[in-house]
Amino acid sequence: LQKMGVEVLHAPFYISVDKMLNSRLAEMDAVYITRFYVAQNFIDKIKTLKPSIPILFNNADLHFLRELRAAKTEEEQTKALQTREQELEICKKVDAILCYNATEHAVISSHLSGKLNFQLTPWVLEDKSSGPDLSQREGIAFLGGFGHQPNVEAVEYLVEQIMPLLATQRPDINLFVYGSKMPKSFSKFECANIKMVGFAEHLDDVYHNHRVFVAPLLSGAGIKGKVLEAMAYNIPCVLTDTAAEGTGLIGGISCHIANS
């Protein structure tokens with residue numbers, strides 16, 4: 001960013017967002033904030049220091065929707081409802097709400113009365129190099145950062161429910177699981193047709209080496225970067241409805257949708 005001429009305010013020159021706002025907010029024409037828990041910390045201060053400045057809020061994904069979809073206990077559901085109140089409160093305070101898919105706009109507007117300034121946010125993808133021929137590839141692949149619970153849940157579902165069934169029909173098909181922060185417990189899933197690879201140095205390693213990309217996400221929200229990258233690499237996808245949400249992909253035409 002700095003090479004492009006964008007000023008980046010970072011340590012050790014700035015060690016406090018509060019101090020940065022006090023000294024630099026007057027120069028700014030707008031503020032763009034990603035994720036509600038970040039906005040919570042600074043939105044009131046920003047509006048106090050400069051009431052006229054527009055605040056654009058990108059929720060990244062609708063956290064309470066993701067939590068509600070994943071909730072299995074009453075305690076988890078209660079937490080999701082608390083998140084909903086906090087997230088909607090931020091939506092009421094900002095000047096524009098940016099989401100990656102229209103579903104989230106509909107969910108937010110169903111909870112809040114009055115006119116809200118919704119904007120769909122594009123996701124930018126770079127051109128990809130052509131990969132090897134299908135005959136030179138093997139197996140199916142999953143990619144996800146495992147600091148994000150829906151990815152952990154998806155892999156557990158994939159290896160416990162799907163791969164044993166696949167092994168009875170096509171034992172020659174292997175699954176390769178990629179991703180950062182892979183739990184140590186995943187080592188127990190290693191077997192003849194499951195390879196726990198871990199962190200991928202480059203996306204080419206994931207999307208060029210395998211024949212099909214799978215994303216059996218059971219929960220989550222927003223838009224799935226892993227799926228959009230698969231589209232850019234021209235690799236066929238098998239997705240749940242949740243994984244395909246917001247992408248414009250259509251089951252049976254541009255991907256295969258499978259929820260079981």
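The values are calculated or read from the model by the stated rules, or taken from the named source; none is laboratory data. For clarity, every value in this text was computed on a predicted model and none was experimentally measured. Don't worry about glycine lacking a Cβ; one is built from the backbone with ideal geometry, like all the others, and counts go over all protein chains shown. Heads up: the accessible areas ignore ligands, DNA and RNA and are worked out on the full protein's heavy atoms, side chains in. Shrake-Rupley method; radii C 1.70, N 1.55, O 1.52, S 1.80 Å.
Per residue, the chain exposes 56 Å² of solvent-accessible protein surface, assessed with a 1.4 angstrom probe and all protein chains in place.
Build a GNM of the chain with springs between Cα atoms under 10 Å apart, and of L166, L65, L143 the one that fluctuates most is L166. For region 91-129 versus region 25-83, the spacing of their alpha-carbon centroids is 12 Å. In square nanometres, what is the average projected area of the Cα convex hull of the chain? That works out to 17.3 nm².
Rounded to the nearest 0.05, what FRET efficiency is calculated for L134 and A102 with R0 set to 35 Å and r the Cβ-Cβ distance?
Values: r = 34 Å, r/R0 = 0.98.
It comes to 0.55.
Surface composition of the chain: carbon plus sulfur atoms contribute 53% of the solvent-accessible area (1.4 Å probe, protein chains only, all chains present). Taking every protein chain into account, the 1.4 Å probe leaves T83 with about 10 Å² of accessible area, to the nearest ten.
Taking all Cα pairs closer than 8 Å and separated by 6 or more residues, the relative contact order of the chain comes to 16 percent.
Label reach from I53 (point 7 Å along Cα→C-beta): in region 2-30, amide nitrogens under 17 Å belong to 7-10, 14-30.
Within the same chain, lysines fewer than 8 places from K226 are excluded, and of the rest, those with a Cα less than 20 Å from its Cα are K128, K181, K195. Based on the alpha-carbon gyration tensor of region 9-86 and its eigenvalue square roots a ≥ b ≥ c, which shape applies: rounded if a/c is under 1.5, prolate if not and a/b is larger than b/c, or oblate? Cα axes put region 9-86 in the prolate bin.
Unpaired cysteine residues in the chain (no second Cys Cβ under 4.7 Å): C91, C99, C191. In summary, the lysines within cross-link reach of K45, defined as a Cα separation below 27 angstrom excluding same-chain residues under 8 places away, comprise K19, K79, K92, K93, K115. Measuring max minus min along each principal axis, the C-alpha atoms of region 1-147 give extents of 61, 48, 30 Å (largest first). The listed peptides 11-18, 116-123, 135-142, ordered by packing as a protection proxy, come out as 135-142, 116-123, 11-18 (highest mean of other Cβ atoms within 10 Å first). Taking a ≥ b ≥ c as the square roots of the Cα gyration tensor eigenvalues, with a/c under 1.5 meaning rounded and otherwise prolate when a/b beats b/c, else oblate, which class fits region 120-260? It comes out rounded by the Cα gyration axes. The simple spin-label model puts a point 7 Å past each Cα toward its Cβ; for E74 and S110 those points are separated by 2.4 nm. Excluding same-chain neighbours fewer than eight residues apart, no lysines are reachable from K72 by a Cα-Cα span under 20 Å.
When you filter the trypsin sites (Lys or Arg not before Pro) in region 1-103 for DSSP loop state and at most 15 other Cβ atoms inside 10 Å of their Cβ, you are left with R35, K72. Against the chain, whose longest principal axis is taken from its Cα atoms, helix 74-93 shows a tilt of about 40°.
Calculate the dipole size of the chain relative to its Cα centre from +1 charges on Lys and Arg beta carbons and -1 charges on Asp and Glu beta carbons; express the result in debye to the nearest 20.
Details: 25 positive and 30 negative charges, 78 e Å.
Here the chain has a charge dipole of around 380 debye.
Taking a ≥ b ≥ c as the square roots of the eigenvalues of the alpha carbon gyration tensor, region 164-217 is oblate, as a/c is not under 1.5 and a/b does not beat b/c.
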